[in-house]
1. Ignoring everything except DSSP H segments at least 4 long, calculate the 222 nm mean residue ellipticity for the chain; use -39,500 (n - 2.57) per segment, divide by total residues, nearest 500.
2. Taking loop as defined by DSSP and a crowding limit of 13 other beta carbons within 10 Å, which GluC sites (Glu not before Pro) in region 322-416 fit?
3. Which whole-number percentage describes the relative contact order of the chain, with Cα contacts under 8 Å and a sequence gap of 6 or more?
4. Which entries in the list Lys203/Lys356; Lys195/Lys234; Lys234/Lys356; Lys365/Lys407; Lys203/Lys234; Lys195/Lys351 go over 20 Å, if you measure between the two C-alpha atoms of each?
5. For the chain, give me the percentage of DSSP beta bridges that are antiparallel, rounded to the nearest 5 percent.
6. Using modelled amide H (1.01 Å from N, peptide plane; none on Pro or chain starts), what sits under 5 Å from the amide H of Val107, excluding residues fewer than 5 places away?
7. Taking the Cα centre as origin and putting +1 on Lys and Arg beta-carbons and -1 on Asp and Glu beta-carbons, what dipole magnitude results for the chain, to the nearest 20 debye?
8. Can you tell me what share of the DSSP beta bridges in region 67-220 is antiparallel? A percent to the nearest 5 is fine.
Amino acid sequence: MDHQPRPESTSQSELSDPPTHVVVAPGGAFDEFMRRPLPGWALVRQRLETAQVRDVATSVSYALAPMAGLIAPGSRVCVAAGSRGIDRIDEVVRATVAWLRTARADVFVVPAMGSHGGATAEGQIHVLASLGITEESIGCEIRSGMETVELGEVRPGVPIFIDRHAYQEADAIVPINRVKPHTDFSGEIESGLMKMIAIGLGKQHGADTLHRQGFAVFHDLIPQTAEFTLARAKIPFGLALIENGYAHLAHIEAVAAAHMARRERELLVFARDLMPRLPFSQIDVLVLDAIGKDISGLGMDSNVVGRYYAGPTGSGPSIQRIVVRDLTDATEGNAVGIGLADVVLERAVRKMDAAKTYMNSVTAKTPEGARVGVTLPDDRSALAIALACCVAVESTDARIVRVPDTKHLDMLWVSEPAVAAALETGRCEIVRAPAPIRFDADGMFADGWGAAG
């Protein structure tokens with residue numbers, strides 16, 4: 001049967017304004033924190049894995065060649081795509097559509113992104129467009145809708161859903177997704193083709209149903225649901241993507257449905273080996289220039305920062321306090337994950353789109369992701385308050401690290417007390433000698449990301 005999202009009593013426009021939040025301009029009792037001296041910092045470059053796909057169209061054609069016999073001439077093929085932040089995803093989708101056309105298939109694309117885009121058909125079209133995926137750019141029709149078909153129950157009381165356009169209007173469905181460690185759970189299968197099949201293609205209704213079971217069971221539920229769907233939907237293969245340490249496309253591989261579970265386990269190991277990490281075991285204050293859905297499904301990658309809403313993940317450094325300076329433009333107001341930050345800048349809160357942030361948080365059953373920490377107007381006060389919240393740390397001895405985001409970790413500002421730890425990894429080099437942390441007249445960082453400052 002078909003399912004459509006139940007209309008809400010509160011309109012989208014009523015929720016779209018950023019939440020009202022108290023912003024404190026330090027002064028008076030805060031002056032003591034602001035007077036504490038800061039250590040200097042150095043600009044450090046970290047060497048990461050560089051393997052990269054140069055020619056996407058050729059690589060896609062090469063990867064798909066073994067699957068040619070699985071596409072019948074004249075068949076209708078649905079390409080499922082939509083995860084954010086994937087390098088050159090528009091080129092991958094365009095090349096896949098072109099290859100399917102050479103197999104004489106009639107092709108269309110559906111957004112496979114669960115509740116993203118505000119859980120509306122128009123919103124999901126907009127998300128695809130933000131990724132460079134439009135009907136004009138990929139050369140085929142996009143069919144976006146939130147209607148689903150129920151396939152049955154994977155477990156008692158756990159129905160599984162799939163996009164109606166994909167299920168009823170196609171002879172074959174080809175998902176495209178990046179394989180990587182997930183930010184909310186750990187298992188042999190995490191983010192990738194099987195998660196897109198289980199959750200992305202389920203739209204908001206399916207995503208909500210599975211998230212209702214809790215992340216604690218996802219390591220079993222995701223592969224179980226994907227296998228359940230593969231047995232009932234016409235998914236002959238998928239296209240798996242892996243990125244290198246610089247967030248560039250490094251590997252493209254077509255994976256047949258019959259081998260998907262086994263191969264995705266192997267690809268996850270490969271992806272985990274390539275992913276960038278912070279070159280420290282302990283950090284007092286981590287400053288993130290931005291968070292966003294294009295950076296990580298959680299806004300910031302829990303595998304990088306070593307924390308989740310429930311506490312330490314056991315992966316990544318021990319970090320006392322996290323400061324978030326801004327939201328990325330590409331996240332379009334979805335600030336999910338901001339709840340992992342202890343201190344945030346006012347400009348990040350102003351950019352929050354409540355409807356998108358809350359829908360994402362509610363669907364994932366993690367309202368903690370929408371909580372907002374201590375909010376301050378500028379970098380100088382944010383850093384001072386974050387340091388004041390640290391335990392057993394003198395400000396001049398503080399291990400402060402600033403990065404653009406958790407996806408781009410090749411350049412780091414590192415305070416002098418932490419520089420030695422970075423150099424000891426053998427992967428880091430100083431590109432700008434230690435100097436005082438500079439702020440402009442508005443209290444914002446004056447140090448940029450170029451070697452010359």
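1. Rounded to the nearest 500, the figure is -8000 deg cm²/dmol.
2. Sites meeting the loop and neighbour criteria: Glu394.
3. 22 percent
4. Correct reply: Lys234/Lys356; Lys365/Lys407; Lys195/Lys351.
5. Rounded to the nearest five, the antiparallel share is 50 percent.
6. Distant-sequence amide H within range of Val107: Val77.
7. 660 debye
8. Given both bridge residues lie in region 67-220, the antiparallel proportion sits at roughly 35 percent.
Bear in mind these aren't lab numbers, they're just calculated from the coordinates by the rules spelled out. All of these numbers come straight from a predicted model, not from anything done at the bench. Ideal geometry is used to build each Cβ from the backbone, glycine not excepted, and the neighbour counts take in all protein chains shown.
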